[in-house]
Amino acid sequence: MDDQILYEVSDRVAVITLNRPEVANAQTMALLDDLDAAWTRAAADDDVRVIVLRGNGRHFSAGHDLKDRWPAPKEITLEWIYSAEARRYLEYTLRWRNVPKPSIAAVQGKCIAGGLMLCWPCDLIVAAENAEFSDPVVHMGIGGVEYHGHTWELGARKAKEILFTGRAVTAEEAEKVGMVNRVVPLDQLDEAVQELAAQIAQMHPFALRQAKRAVNQTLDVQGFYAAVQSVFDIHETGHGNALSVGGYPILTRLEEMKDHIRSQ
């Protein structure tokens, strides 16, 4: 595990830190592999009762690092994209969601597209007052990021609104719809998360595991697990369409998307 991901354990709490602040913690494939290794390490450690995910720097995560994401255009096939994304954007996120230990995401600044796929699998989200959550990839000809938590996290109408417009949801708005548990001042974010983690870590680990499974299993009975897998396939048709239209997995309006994000 290199320094793109930092890992430490103290007082029964594992803290996993995204450590690419110079690029707003944009996610390379290697970073996601290391992140999955950190989650696996925390899950296997009997001394860990709570997992915290945070990001160094001004922003939680700007999403996928598109410079790193795909091979040369002439080598790209839909089969390659599907296999790579099924592993890192579906298998990983579902595994993190189902780690049998409580997890907390600490989010500050921008949390864009792929950034949602890091915080949504966590059980709780504590946001700084300046946090903003968005999925503007409709600008790229894709109907949303690979892990479709939108409808479950925001409700159907709000999910459609942020996808159709690409606008960001503020921390206050996210708390109102139940996506975020708590909103705190930016300079108190780490302290608030550590206090919450310490409180949870005092509980019996088997009881915590049962409580988490009860809630996740209820969501799965309501259709969450099947829906996320189904919508992943819908996402992949976006790449297929882009490949057929322009020979590249996205319909590249990246500068327009960046301008849209900067304007918010």
Sequence-separation-based contact order of the range 78-210, relative, with Cα cut under 8 Å and 6+ spacing, percent:
26 percent
Amide H within-cut-off set for Arg49, under 5 Å, with H built and near neighbours excluded
Val13, Ala14
Give me the extension gain from Val177 to Ser230: residue separation times 0.36 nm, minus the current Cα-Cα distance, reported in nm with one decimal.
16.7 nm
Over the chain, what is the mean sequence separation of C-alpha contacts under 8 Å (at least six apart), divided by residue count, expressed as relative contact order in percent?
19 percent
I'd like to compare 42-50, 85-93: which one has the highest average count of other Cβ atoms within 10 Å, and what's the full order after that?
85-93, 42-50
Eigenvalues of the Cα gyration tensor times 5, then square-rooted: what semi-axes does that give for the range 125-264, in whole angstrom, largest first?
32, 22, 12
Relative packing of peptides 234-245, 100-111 - highest average C-beta neighbours within 10 Å first:
100-111, 234-245
How far is the Cα center of the range 39-100 from the Cα center of the range 199-246, in Å?
13 Å
Student exercise, the range 1-158 dipole from Lys, Arg, Asp, Glu Cβ charges, in Debye to nearest 20:
420 debye
At 1.4 Å probe size, with the rest of the protein present, what percent of the exposed accessible area of the range 101-154 is carbon and sulfur atoms?
56 percent
For Lys176, which aspartates and glutamates qualify as cross-link partners when the Cα separation must be under 19 Å and same-chain residues fewer than eight apart are set aside?
Asp123, Glu129, Glu132, Asp135, Glu153, Glu161
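What is the calculated FRET efficiency for Leu6 to Ile76, with r their C-beta to C-beta distance and R₀ = 30 Å, to the nearest 0.05?
After rounding to 0.05, the efficiency reads 0.40.
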Beyond a 29 Å Cα-Cα separation, which of these cross-linked pairs lie in this structure: Lys110/Lys158; Lys101/Lys160; Lys110/Lys160; Lys67/Lys101?
Lys101/Lys160; Lys67/Lys101
Quantify, in whole percent, the carbon and sulfur part of the accessible surface of the range 26-89 (1.4 Å probe; protein heavy atoms only).
48 percent
Mind checking the per residue accessible area of the range 133-264 for me, 1.4 Å probe, whole number of Å²?
54 Å²
Gyration tensor (alpha-carbon) shape descriptor, the range 172-248, a/c threshold 1.5
oblate
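The values are calculated or read from the model by the stated rules, or taken from the named source; none is laboratory data. None of these values were measured; they are calculated from a predicted model. Cβ atoms come from the backbone with ideal geometry, glycine included; neighbour counts cover every protein chain shown. Just the protein is used for accessible areas: all its heavy atoms, side chains included, with ligands, DNA and RNA removed. Shrake-Rupley method; radii C 1.70, N 1.55, O 1.52, S 1.80 Å.
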